[in-house]
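Please treat every number below as a calculation from the coordinates, not as lab data. Note that the coordinates shown come from a computational prediction; the quantities given were computed from them, not determined experimentally. In this analysis, Cβ positions are derived from the backbone assuming ideal geometry, glycine residues included, and neighbour counts consider all displayed protein chains.
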Amino acid sequence: MKSRKLVPWIALAVVVTVGIVVLVVRSRPDNSPAARARRLEHQLACPVCEGQSIADSNAPQSRAIRDDIPRRIAAGQSDAEIRAYYVSRYTERILETPSNSGLGIVAWGLPAVAVILGSASIVIAVRRWSRTPRLAATDADEGIVRRARDDVGGENEDGR
C-alpha cells in the first residue's frame, strides 16, 4: 500500500532531476571560435549606428570589426581582451551592456533601486491605510439609513 503512494513522488523526483540535468548541460556556453565570435558580435555595438550590434549592422566599421574578431580569437586573445581593445579604441559606447563600474553601476542599479523604493512605498501606503481609524455611524446616520429603507421598502409593498 505504501509503495503505491511513493510512485508519484518518485516519478516527480525523476522528472525534476532530468529537467535540472538538461538545463545544466544546455546552459554551458559553446567555446568554439565561431560561437565566441558570435557572442562578441552581439556584445559590441556598432560604432556609427544607433541601437544596433555589430552583428546586425552593415556599416563598414561593423564589417571590419566582424572580420577582425576571428583573427583576434585565432591569435589567442580572450573575450575580455578583445572587448578591452575595442573599448580602448571606441570608448565604453561600443559595449552593448554597461560595465559593472563607474557610471555603468548606475545603469544596472537604478532600476533595482526604483523597484525597491516603489515596493516599499506601496507597503507603507497599505499599512497607513489599514491603520486609519474607521468612523462609527452615529444615531443620526442610522436614522437616515432606516428612513431610506422604509421609503424603498414601503413603496415596493404598496405596489406604487
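Lys and Arg at +1, Asp and Glu at -1: add these up for the other residues within a Cβ distance under 13 Å of Gly143 and post the number.
Charge balance near Gly143 sits at -2.
Taking θ as phi - 60°, what are the ³J(HN,Hα) couplings along region 113-124 by the Karplus curve (6.51, -1.76, 1.60), each to the nearest whole Hz, with x for Gly and Pro?
With the stated coefficients, region 113-124 comes to 5, 4, 5, 5, 5, x, 5, 5, 5, 5, 4, 5 Hz.
Using packing as a proxy for protection, rank 106-114, 57-65, 24-32 so that the peptide with the highest average count of other Cβ atoms within 10 Å comes first. Show your work: numbers first, answer last.
Values: 106-114: 10.6, 57-65: 15.3, 24-32: 8.2.
So the order, starting with the most tightly packed, is 57-65, 106-114, 24-32.
Report the extension gain between Trp129 and Ser3 in nm, rounded to one decimal, defined as 0.36 nm multiplied by the number of residues separating them, less their alpha carbon distance. Don't skip to the answer; put the middle values down first.
Details: separation 126, 0.36 × 126 = 45.36 nm, distance 5.25 nm.
Once the chain is fully extended between Trp129 and Ser3, it gains 40.1 nm.
Using modelled amide H (1.01 Å from N, peptide plane; none on Pro or chain starts), what sits under 5 Å from the amide H of Leu44, excluding residues fewer than 5 places away?
The list, which skips near neighbours in sequence, is Ile54, Glu96.
Scan [x] -0.35, -0.70, -1.63; [y] -0.40, -0.73, -1.33; [z] -0.71, -0.94, -1.26 for the value of log10 I(q)/I(0) by the Debye sum over Cα atoms at q = 0.10, 0.14, 0.21 Å⁻¹ calculated from this model and give just the label.
[z]
Got a sec to turn the phi values of region 13-24 into Karplus ³J(HN,Hα) couplings, 6.51 cos²θ - 1.76 cosθ + 1.60 with θ = phi - 60°, whole Hz, x for Gly and Pro?
After applying 6.51 cos²θ - 1.76 cosθ + 1.60, I find 4, 5, 4, 5, 4, 5, x, 5, 4, 4, 4, 5 Hz.
Along the charge dipole of the chain, Cβ charges K/R +1 and D/E -1, which of Ile65, Val16, Thr91 sits furthest on the positive end?
Positive-end residue among those listed: Val16.
To test your reading of the geometry: what angle, between 0 and 90 degrees and rounded to tens, separates the Cα axis of helix 33-43 from the longest principal axis of the chain?
50
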